[in-house]
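Just so you know, all these numbers are worked out from the coordinates, no wet-lab data involved. In this text the structure is predicted, and so the values were computed from the model without any measurement. Glycine also receives a Cβ, built like all others from the backbone with ideal geometry; neighbour counts cover every protein chain displayed.
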């Protein structure tokens, strides 16, 4: 990093805010639009290898065009780690290729549509991971990342639950969130992530780095309909 702390190691606090769109096929085909937000703690080491991990807590509030009352709520907990090897280096460019592992819990409550059930898309994914660093001048850097999951283990609710009421005890919720996990290849469930970050020499520590992120998920199982989510977010990152 531009002002890495020790041997290329950085620890950072990240604040994300943006816009999302979601379709929950188990509920209906209408699109939810809303505000996306999250906070994350991350570490990363940059050198001959690029490796790190991050923990994220966030969510989003969203409504369809038909709703005027309270928004639907989705909570998200994520844990990600990546490890990539340097495969190309020139005066201005450095390219890394490797893998990542990510665990995501996305839990939704659609208060205006179904107050008897929770809806979720929880998965553990194995990702192809690519990063490119472009440093056209001293103390200025662009860092781009791309990740695609060729394989994931996914849990979703059943598509038909008309006569069931969820067990909202702690044990009941935990059992539901891990209901009938299935191995899903990229042709059946997709998680694609893309980001670009601008780094510079900060005159004051309070000044953040800025990153734009895009994420698209299309998640389904043999017993559920598709959940689709599109995220556009801006991330502010402060090194600790």
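Residues of the stretch 185-206 that are under 26 Å from residue 16 (Cβ atoms), surrounded by 15 or more Cβ atoms within 10 Å (Cβ to Cβ) and without any contact (Cβ under 8 Å) to a residue 40 or more places away in the chain: 186 alone. With respect to being over 20 Å from residue 222 (Cα atoms) and in contact with a strand residue (DSSP E or B) (Cβ under 7 Å, 6 or more places away or on another chain), residue 134 fits the description. Scanning the stretch 107-118 for residues that are closer than 16 Å to residue 217 by Cα and surrounded by 22 or more Cβ atoms within 10 Å (Cβ to Cβ) yields a single hit, 108.
Are any residues in the stretch 38-52 under 24 Å from residue 120 (Cα atoms) and surrounded by fewer than 17 Cβ atoms within 10 Å (Cβ to Cβ), and if so, which ones? Show your work before the answer.
Let us first name the residues in the stretch 38-52 that are under 24 Å from residue 120 (Cα atoms), namely 38-41.
If the condition is that a residue be under 24 Å from residue 120 (Cα atoms) and surrounded by fewer than 17 Cβ atoms within 10 Å (Cβ to Cβ), then 39, 41 are the ones that fit.
Quick test for you: out of 124, 57, 70, pick the one residue that is on the phi < 0 side of the Ramachandran plot and surrounded by 15 or more Cβ atoms within 10 Å (Cβ to Cβ). Sole residue among the options that is on the phi < 0 side of the Ramachandran plot and surrounded by 15 or more Cβ atoms within 10 Å (Cβ to Cβ): 124. Listed by position, the strands (runs of 3 or more DSSP E) inside the stretch 128-240 whose residues that are within 18 Å of residue 76 (Cβ to Cβ) number at least 2 are 140-155, 190-200, 209-219, 227-239.
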